[in-house]
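Data block below; observations after.
The values are calculated or read from the model by the stated rules, or taken from the named source; none is laboratory data. Predicted model, so just to flag it, every value in this text is computed and none were measured. When we count neighbours, we look across all protein chains shown, and the Cβ atoms used for this are built from the backbone with ideal geometry, even at glycine. Protein only, heavy atoms only, side chains kept; ligands, DNA and RNA dropped before computing areas. Shrake-Rupley method; radii C 1.70, N 1.55, O 1.52, S 1.80 Å.
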Amino acid sequence: MEKTQTQKARVPALPDLFDFSGDSVRIRSARCGSCGTYFFPEYHAQHRSGCSREGVEPVLLSNSGKLASYTIEHYMCPPPFKTAENISPYGIGLVEFPEGIQVAGLIMESDLDALQIGQEVETITYALYRNEEGQDVVTWAFRVLK
Amino acid sequence: MREISIVGVGLHPWGKFKDKTFIEIGTVAIANALKDAGVEWKDVQAIFSGIYIYGGNAGHISGQYLESVFGETGIPVVNVYNACATGSAALRMAYNSIAAGEVDTALAVGVDISPEGFLSAKSDNPRQDRDVLRWRMAGMPNPVYWALECRKRMARYGTSDEDLARVKVVLSQYGAKNPNARYKKTYTLEEVMNSLMVCDPLRLLEVCATSDGAAAVILSASPGAVKKADRPVKIAATTMGSALYGDPTLRISALSAPAAAEAPLLSESYSASRQAYKKAGIGPEDIDVLELPDNSSWHYLQYLETCGFCGEGEAEKMLRDGQTQIGGRLAVCPSGGFSSFGEAIGAQAIWQVVEASNQLRGRCGERQVPDAKVAMAQTYGLMGNSGTTILKV
Ligand SMILES: [Zn+2]
């Protein structure tokens, strides 16, 4: 029987958190049209006190932002964090997007010692491990823009 | 308002007790508190108990299990969970029950035996528990959150590696003299600065461990019980706070924070402490002893500002000048802090109150703060959740 659909090469580890269908990877946030609050993920609502909570729209954050803080984790995170191999030491960054929200995630950078607050970073995908169907299971991550 | 006093306190020492049950160590703490107060079990009219989340059904009704050990008497037994501020919630409810005139004497108790290995996600549903996201998508154990805030502080105020290490040096001196502490070794600056880097810029000796322990406090407004007590301590305020909208803290479990701050960092602790100052009718300048939640060296510094003991960026100077030590302007964590005890989620807030009250009762021997009259215990719990207790003699 002929295959009618090609299997996707990359699948997200959890759905509805980031979009990598286009040319660039974008984190999926949401914005309240009434109080202006951006929140992430889009299904964990946050509002200003007294807000009518009307007019919440999904928003794809810009592909790049500024490193607001970072750390280097020297010990491997326990499950349910799952990666193909031990990736420690690994970087974690808090990135400030121009929309007015900061989002945390892994930093994929070969020279972690060169990280600096204020650096421009872009959102990418990172393959945590390969599943039984041979697909890369991905999360969002950040990389310094050269 | 009735005057409410702590008439007895009890602990089970902090450590790792994997062969004991929460009921066994909770029983020790309660028995010690009863003995200290000289109160009979039959005179305890209400129990407010911290929920022990790793104890299954029993842990969720911990108060009933503990009551049955001493003998069921039909009194109200309420179990409460507010993460690391669980004990603050139990204490506050005990206080309010007495203040409302429902009862004259109540017990607040908190117990914890942490599971083996790392703490991790407790559910697998990210849509209702965002804790799942930080573990699965970003590999972020708790110290990552502390390190991210610490790095920001270092960039903003010039906090040095030496400042972070000095916190451990100071606290280890106290822990060494506290019989109930888990860690009793003292450290030099060099030893701390050469300890393993865990979560850059925080080293192994600059973050707290998870421990087991139990703490109990007996509160009373009964003139007989207060008269009988050995140096009773007045509760001037016991408050709780939640976060304020626009708080820039990246809170544990969360993966996002607002870019523009509209509220103070650690706003839940700001809220709880300001409520307490108002209720007690005093300010930070009146406090002699402060037990703060030193989950990491960053917390130690940040909490001095959050609770108003100094201005922004001034905590390092207080530390360097010795103002936060016994004999300085404000004795910070003369118990040895979480640094010497480790966290025991359900128990630690009550433990802090036990330590603070012991200082006011002049019971601390070599680490006694001279002439201590007012003490404050400050907690920090998950998801914008904090308690403050101010005690006076
Ligand atoms: Zn809104």
Query raised in the report: Which GluC sites (Glu not before Pro) from the range B:188-279 combine a DSSP loop assignment with at most 12 other Cβ atoms within 10 Å?
Result: B:GLU262
Report task. First check a/c for the range A:12-144, with a ≥ b ≥ c the square roots of the eigenvalues of its C-alpha gyration tensor; if it is under 1.5, answer rounded, and if not, answer prolate when a/b is larger than b/c or oblate otherwise. Result -> prolate
Query raised in the report: What residues does the range A:85-132 have that are buried by at least 40 Å² of accessible area in the full protein assembly compared to the chain on its own, 1.4 angstrom probe?
Result: A:ILE92, A:LEU94, A:GLN102, A:ALA104, A:ILE117
Query raised in the report: Across peptide B:241-251, how many C-beta atoms of other chains are within 10 Å of each residue C-beta, on average?
Result: 2
Report task. On the protein heavy atoms, probe 1.4 angstrom, tell me the percent of accessible surface of the protein assembly as shown carried by carbon and sulfur. Result -> 48
Report summary line: Between chains B and A, total accessible area buried, probe 1.4 Å, no ligands or nucleic acids, nearest 100 Å², roughly 3500
**Report entry** Length-normalised contact order of chain B in % [C-alpha pairs under 8 Å, at least 6 apart]
**Finding:** 25
Requested in this report: Determine which aspartates and glutamates satisfy two conditions relative to B:LYS20: a Cα distance under 15 Å, and not lying fewer than 8 residues away in the same chain.
Outcome: B:ASP112, B:GLU116, B:ASP212
Requested in this report: Sequence neighbours fewer than 8 away in the same chain don't count; with that in mind, list the lysines whose C-alpha is under 20 Å from A:LYS146.
Outcome: A:LYS66
Report task. Partner chain Cβ atoms within 10 Å, averaged over the residues of A:44-54 - can you pull that number for me? Result -> 2
Report task. Taking a cut-off of 18 Å between Cα atoms, list the aspartates and glutamates near B:LYS227, but don't count ones fewer than 8 places away on the same chain. Result -> B:GLU3, B:ASP36, B:GLU40, B:ASP43, B:ASP104
Query raised in the report: Hey, what did chain A get for relative contact order, percent, Cα under 8 Å, at least 6 apart?
Result: 23
Query raised in the report: How crowded by other chains is B:188-197, given as the mean number of beta carbons from other chains within 10 Å of each beta carbon?
Result: 1
Report summary line: trypsin sites (Lys or Arg not before Pro) in the range B:213-245 lying in a DSSP loop, each with at most 14 other Cβ atoms within 10 Å of its Cβ, come to none
**Report entry** 29 Å Cα-Cα threshold exceeded, pairs from B:LYS18/B:LYS42; B:LYS177/B:LYS317; B:LYS35/B:LYS278; B:LYS184/B:LYS228; B:LYS168/B:LYS279; B:LYS16/B:LYS177
**Finding:** B:LYS18/B:LYS42; B:LYS35/B:LYS278; B:LYS184/B:LYS228; B:LYS168/B:LYS279
Report task. Set the Förster radius R0 to 56 Å, insert the Cβ-Cβ distance between A:SER24 and B:GLU3 as r into 1/(1 + (r/R0)^6), and round the FRET efficiency to 0.05. Result -> 0.30
Query raised in the report: Which angle from 0 to 90°, rounded to the nearest 10, does the C-alpha axis of helix B:22-37 make with the longest principal axis of chain B?
Result: 60
Requested in this report: Determine, from the Cβ-Cβ distance of B:GLN64 and B:ARG231 and an R0 of 30 Å, the FRET efficiency 1/(1 + (r/R0)^6), rounded to the nearest 0.05.
Outcome: 0.40
Report task. Would you mind computing, in nm to one decimal, how far apart the modelled labels at B:LEU244 and B:LYS18 are, each placed 7 Å from Cα along Cα→Cβ? Result -> 4.4
Report task. Compute the accessible area per residue over the protein assembly as shown, keeping the other protein chains in place, probe 1.4 Å, unit Å². Result -> 40
Report task. Could you calculate the FRET efficiency of A:ALA114 with B:LEU196 from 1/(1 + (r/R0)^6), where r is the beta carbon distance between them and R0 is 25 Å, rounded to 0.05? Result -> 0.70
Report task. Mark the label point 7 Å from the Cα of B:GLU262 along Cα→Cβ and return the residues of the range A:28-71 whose backbone N is within less than 15 Å of it. Result -> A:31-40, A:46-54
Query - Longest segment of chain A lacking GluC sites (Glu not before Pro) that sit in a DSSP loop with at most 13 other Cβ atoms within 10 Å - result: A:3-53
